Amino acid sequence: MAFGIRRNDQVLITAGKDRGKRGRVIRFEKKKNRVYVEGLNLVTRHLGHQRGVRQSGLTTQEAPLDMSNIRIVCPTCDKPSRIGTRILEDGSKVRICKACDEVLE
Ligand SMILES: [Zn+2]
């Protein structure tokens, strides 16, 4: 995967039941190409019984999305963008939006 996704990135979902929605990345698993987006791609789980705790009912939880099904939304131009990288003069690497050429942070 070419782009480096980070926590708190705004992303657009491009496939699945939440296609077209945007959310914030809360967690990702780079090795598995999975991304968890806050409040999206929710699945319902039955609360398990824990020792000493009586719980009942259902809870919702974010299910992972495949990285190929999301796009990072550039905070500057507000578009789901292609992300590139640029090396700064001090040698550090930053991500840039290929649409507006601004640095993403
Ligand atoms: Zn941009």
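Residue check: residue 56 meets all listed conditions (1) loosely packed, with under 14 Cβ neighbours inside 10 Å; (2) more than 16 Å from the ligand (Cβ to nearest atom); (3) modelled with pLDDT of 95 or more but one, namely (3).
Does residue 20 fit the bill of being farther than 17 Å from residue 4 by Cα, touching a residue at least 24 places away in the same chain (Cβ under 8 Å) and among the small types (Gly, Ala, Ser)? No: the conditions fail for residue 20.
Here is the figure for the range 40-53: residues that are at positive phi and at pLDDT 90 or above total 1. Looking only at residues in the range 60-78 that are part of a strand (DSSP E or B) and more than 15 Å from residue 38 (Cβ to Cβ), the one that is nearest to the ligand (Cβ to nearest atom) is 71.
The single condition from (1) modelled with pLDDT of 90 or more; (2) surrounded by 13 or more Cβ atoms within 10 Å (Cβ to Cβ) that residue 3 fails is (1). Across the range 79-105, the number of residues qualifying as touching a Leu at 6+ places or on another chain (Cβ under 9 Å) and either more than 11 Å from the ligand (Cβ to nearest atom) or among the small types (Gly, Ala, Ser) (or both) comes to 2. Taken over the range 58-92, residues that are on the phi > 0 side of the Ramachandran plot and under 15 Å from the mean Cα position of the chain (by Cα) amount to 0.
The values are calculated or read from the model by the stated rules, or taken from the named source; none is laboratory data. All values reported here derive from a predicted model rather than from experimental measurement. As a convention, Cβ positions derive from the backbone with ideal geometry for all residues, glycine included, and neighbour counts pool all protein chains shown.
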